[in-house]
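Let me give you the structure first, and then I'll get to my questions.
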Amino acid sequence: MGEDVKKTWHEKFFTEAELKEFQEVGKKYTPEMMEAYQRRWAELIDEVKQNLKAEPASEKAQDLAKRWMDLFNEAYGEHPELKAQISRAYTSGAIPEDYRMFGREAWEFIKKVHEAAKKKG
C-alpha cells in the first residue's frame, strides 16, 4: 500500500462529519491524558494477546472484554455512530496494518467473548 493511501485511509473511510466528531472527542484530552489513555490501551491489548487461548466464557476473558468496552466507551461512549463506524473500519480491513492498534486475532477474540456473554444472558 502506498504512503499516500496510508496517510489518507481515514479520509476515504470516514465522512467529513465523523472526522470532525473525532476532533471533538480529542479536545477533551490533554496531551498527557491522551498519552495515558493510549498507554492503557497498549497494556490491555498486550494482556488480550497473552490470553487469546482463553475460553471466551471464562471469567478472565469476560473481564478483558469488559475492560475493552469500558476503555472504548471512555472516549466514544457518547458517540454511538462513531463507535459503530470505528468497529466497521476494523472489521472491513480499512485500516492499514501499521495504523492498527491491534491485530485481527485480538479483534476476533473480543468478538467471541462478547458472543459468549450474550449466550450466558
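Regarding Ala36, is this residue touching a helix residue (DSSP H, G or I) at 6+ places or on another chain (Cβ under 7 Å), among the small types (Gly, Ala, Ser) and modelled with pLDDT of 95 or more? Quick ask: steps written out before the conclusion?
On the way: touching a helix residue (DSSP H, G or I) at 6+ places or on another chain (Cβ under 7 Å): no; among the small types (Gly, Ala, Ser): yes; modelled with pLDDT of 95 or more: yes.
When the stated conditions are applied, Ala36 does not pass them.
Just one of the numbered conditions (1) farther than 20 Å from Met101 by Cβ; (2) touching a Gly at 6+ places or on another chain (Cβ under 8 Å) is not true of Lys53; which one?
In the conditions (1) farther than 20 Å from Met101 by Cβ; (2) touching a Gly at 6+ places or on another chain (Cβ under 8 Å), Lys53 misses (2) alone.
Looking only at region 87-121, count how many residues are among the β-branched types (Val, Ile, Thr) and at pLDDT 90 or above.
Taking region 87-121 and keeping what is among the β-branched types (Val, Ile, Thr), we get 91, 95, 110, 113.
Among the residues that remain, those that are also at pLDDT 90 or above are: 110, 113.
Qualifying residue count for the region: 2.
Pick from region 94-121 the residues that are of a type outside the set (Phe, Trp, Tyr) and not in a helix (DSSP H, G or I): which of them is nearest to Trp41 (Cα to Cα)?
Here the residue is Met101.
Each row is one residue, and each column tells you yes or no for (1) over 17 Å from Ala75 (Cα atoms); (2) more than 16 Å from the chain's Cα centre (by Cα).
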position: Thr15; (1), (2): yes, yes
position: Lys28; (1), (2): no, yes
position: Pro31; (1), (2): no, yes
position: Ala36; (1), (2): no, no
position: Arg39; (1), (2): no, no
position: Val48; (1), (2): yes, no
position: Lys53; (1), (2): yes, yes
position: Ala57; (1), (2): yes, yes
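The rows are residues; the columns are (1) surrounded by 14 or more Cβ atoms within 10 Å (Cβ to Cβ); (2) out of contact with any strand residue (DSSP E or B) (no Cβ under 6 Å at 6 or more places or on another chain); (3) within 24 Å of Lys119 (Cβ to Cβ).
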{"position": "Glu16", "(1), (2), (3)": "no, yes, no"}
{"position": "Pro31", "(1), (2), (3)": "no, yes, no"}
{"position": "Ala42", "(1), (2), (3)": "no, yes, no"}
{"position": "Gln62", "(1), (2), (3)": "yes, yes, yes"}
{"position": "Asp70", "(1), (2), (3)": "no, yes, yes"}
{"position": "Gln85", "(1), (2), (3)": "yes, yes, no"}
{"position": "Ser92", "(1), (2), (3)": "no, yes, no"}
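Any idea which of (1) in contact (Cβ under 8 Å) with a residue 12 or more places away in the chain; (2) touching a helix residue (DSSP H, G or I) at 6+ places or on another chain (Cβ under 8 Å); (3) surrounded by fewer than 15 Cβ atoms within 10 Å (Cβ to Cβ) is the one Lys120 doesn't satisfy?
Of (1) in contact (Cβ under 8 Å) with a residue 12 or more places away in the chain; (2) touching a helix residue (DSSP H, G or I) at 6+ places or on another chain (Cβ under 8 Å); (3) surrounded by fewer than 15 Cβ atoms within 10 Å (Cβ to Cβ), only one is false for Lys120: (2).
Take Met1 and decide whether it is at pLDDT below 95 and either surrounded by 12 or more Cβ atoms within 10 Å (Cβ to Cβ) or among the aliphatic types (A, V, I, L, M) (or both). Walk me through how you get there before you give the answer.
Numbers: at pLDDT below 95: yes; either surrounded by 12 or more Cβ atoms within 10 Å (Cβ to Cβ) or among the aliphatic types (A, V, I, L, M) (or both): yes.
When the stated conditions are applied, Met1 passes them.
If you scan region 63-81, which residues turn out to be within 12 Å of Glu21 (Cα to Cα) and either touching a Leu at 6+ places or on another chain (Cβ under 7 Å) or of a type in the set (S, T, N, Q) (or both)? Even if it seems obvious, please write down each step before you answer.
Applying the first criterion (within 12 Å of Glu21 (Cα to Cα)) to region 63-81 yields 75-76, 78-81.
Of everything in region 63-81, just one residue is within 12 Å of Glu21 (Cα to Cα) and either touching a Leu at 6+ places or on another chain (Cβ under 7 Å) or of a type in the set (S, T, N, Q) (or both), namely Tyr76.
Here's a follow-up. Output the qualifying pairs, or none if there are none: Cβ atoms under 8 angstrom, residues six or more apart or on different chains, first residue in region 76-101 and over 17 Å from Thr15 (Cα atoms) and in contact (Cβ under 8 Å) with a residue 40 or more places away in the chain, second residue assigned to a helix (DSSP H, G or I) and among the hydrophobic types (A, V, I, L, M, F, W, C).
Within 8 Å, the pairs are Pro96/Val5; Pro96/Trp9; Tyr99/Trp9; Met101/Trp41; Met101/Ala42; Met101/Ile45.
The values are calculated or read from the model by the stated rules, or taken from the named source; none is laboratory data. None of these values were measured; they are calculated from a predicted model. Reconstructed Cβ throughout: ideal geometry from the backbone, glycine too, with neighbour counts over all protein chains shown.
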